[in-house]
Amino acid sequence: MDWIKPLIHQSQGAKEFAYCPYSKFRVGAALLAHDGTVFTGCNVENASYNLGLCAERTAIAKAVSGGYRSFKAIAIASDLEDQFVSPCGGCRQFMREFGDHWSVYLSKPDGSYKEMTIEDLLPVSFGPEDLKKKRLFTTKNGS
């Protein structure tokens, strides 16, 4: 697959725009839609820490705001020298919203990568289809 290395390179480029004055931990992401369009994102921190945005969610939000809902892969880059960067739990669930079988490429600064799926990163997950399953309990008004 000749698109993997360029996607990783784009995630590394996105990392350069990270706004991370507090953690000094730069992260970039490049999200590949099924039609070949790539959306990039970087982490954006805030003095009120819980308001920060992760690179993965930034890229996905850009894609969704452009009308995209189906993705082929996402590449994630950081400055970790000898370790593949891994998405946080919130990002794993955010990615899961759009399916559990697309590829996630965890990379190192040298361009090496490890391929995983959302299902690998978030096993036994909860997704939109779970809300459609039959339940035993209903409220008093029948919902």
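Could you run the Karplus curve 6.51 cos²θ - 1.76 cosθ + 1.60 with θ = phi - 60° over region 95-112 and give me ³J(HN,Hα) per residue in whole Hz, x for Gly and Pro?
Per-residue couplings from phi come out as 5, 4, 3, 9, x, 10, 10, 8, 7, 10, 9, 8, 10, 10, x, 7, x, 5 Hz.
At a threshold of 8 angstrom on Cα-Cα distance, excluding pairs fewer than six apart, so keeping six or more, what relative contact order does region 16-123 reach in percent?
Dividing the mean separation by the residue count of region 16-123 yields 22 percent.
In region 73-143, which trypsin sites (Lys or Arg not before Pro) fall in coil by DSSP and have 12 or fewer other Cβ atoms within 10 Å? Numbers along the way, then the final one.
On the way: sites: Arg92, Arg96, Lys114, Lys132, Lys133, Lys134, Arg135, Lys140; in loops: Lys133, Lys134, Arg135, Lys140.
Listed in order of number, the matching sites are Lys133, Lys134, Arg135, Lys140.
Largest first, please: the extent of the C-alpha atoms of region 45-124 along each principal axis, to the nearest Å.
Projected onto the principal axes, the Cα atoms of region 45-124 cover 35, 35, 26 Å.
Taking loop as defined by DSSP and a crowding limit of 16 other beta carbons within 10 Å, which GluC sites (Glu not before Pro) in region 1-104 fit?
Glu16, Glu81, Glu97
Whole-Hz ³J(HN,Hα) for each residue in region 22-35, computed from phi via Karplus 6.51 cos²θ - 1.76 cosθ + 1.60 with θ = phi - 60°, x for glycine and proline: what do you get?
Ordered by residue, 3J(HN,Hα) equals 9, 8, 6, 10, 7, 9, x, 9, 10, 9, 9, 7, 5, 8 Hz.
Compute the FRET efficiency between His101 and Lys134 as 1/(1 + (r/R0)^6), taking r as their Cβ-Cβ distance and R0 = 22 Å, and round to the nearest 0.05.
The formula returns an efficiency of 0.40 here.
Among Gly28, Gly127, Gly66, which one shows the biggest mean-square fluctuation in a GNM of the chain, springs joining Cα atoms closer than 10 Å?
Greatest mean-square fluctuation among the candidates belongs to Gly66.
Each residue of region 70-85 in order: what ³J(HN,Hα) in whole Hz does its phi give by Karplus 6.51 cos²θ - 1.76 cosθ + 1.60, θ = phi - 60°, with x for Gly and Pro?
My calculation for region 70-85 gives 10, 10, 9, 6, 9, 10, 10, 10, 8, 9, 4, 6, 10, 8, 6, 5 Hz in order.
Taking region 2-73, which trypsin sites (Lys or Arg not before Pro) meet the DSSP loop condition and have no more than 14 other C-beta atoms within 10 Å?
Lys24, Arg69
Determine the calculated [θ] at 222 nm for the chain from helices alone, applying -39500 (n - 2.57) to every DSSP H run no shorter than 4 residues and normalising by the residue count; nearest 500 deg cm²/dmol. Mind showing how you got there, number by number?
Numbers: 4 runs with 35 residues, N = 143.
It comes out at -7000 deg cm²/dmol, rounded to the nearest 500.
What net charge do the residues around Phe98 carry, taking every other residue with its C-beta under 15 Å from that of Phe98, with Lys and Arg at +1 and Asp and Glu at -1? The partial results should precede the final answer.
Working: positive: Arg57, Lys62, Arg69, Lys72, Arg92, Arg96; negative: Asp35, Glu56, Glu97, Asp100, Glu119, Glu129, Asp130.
With Lys, Arg at +1 and Asp, Glu at -1, the net is -1.
What are the extents of the Cα atoms of region 94-143 along their three principal axes, in Å, largest first?
58, 14, 11
Taking amide hydrogens as modeled 1.01 Å from N in the peptide plane, which residues meet the under 5 Å criterion relative to Gly52, leaving out close sequence neighbours?
Asn46
How big is the equivalent ellipsoid of the chain along its three axes, where each semi-axis is √(5λ) from the Cα gyration tensor, reported in whole Å from largest to smallest? Working shown, then result.
Details: eigenvalues 165, 67, 40 Å².
Equivalent-ellipsoid dimensions as semi-axes: 29, 18, 14 Å.
How many percent of DSSP beta bridges within region 70-143 run antiparallel, rounded to 5?
Of those bridges, close to 55 percent are antiparallel.
What number, in nm² with one decimal, is the all-direction average of the projected area of the convex hull of the alpha-carbon atoms of region 16-71?
3.9
Just Gly67, Gly41, Gly13 to compare: in a GNM of the chain, with alpha carbon springs under 10 Å, which one fluctuates most?
Gly67
Which entries of Lys5/Lys62; Lys62/Lys108; Lys72/Lys132; Lys62/Lys133; Lys62/Lys134; Lys24/Lys72 show an alpha-carbon separation above 28 angstrom in the structure shown?
From the list (Lys5/Lys62; Lys62/Lys108; Lys72/Lys132; Lys62/Lys133; Lys62/Lys134; Lys24/Lys72), the Cα-Cα distance tops 28 Å for Lys62/Lys133; Lys62/Lys134; Lys24/Lys72.
FYI, it's all coordinate maths here, none of it is from the lab. Computed from a predicted structure; not experimentally measured. Note that each Cβ is placed from the backbone with ideal geometry, even for glycine, and that neighbours are counted across all protein chains shown.
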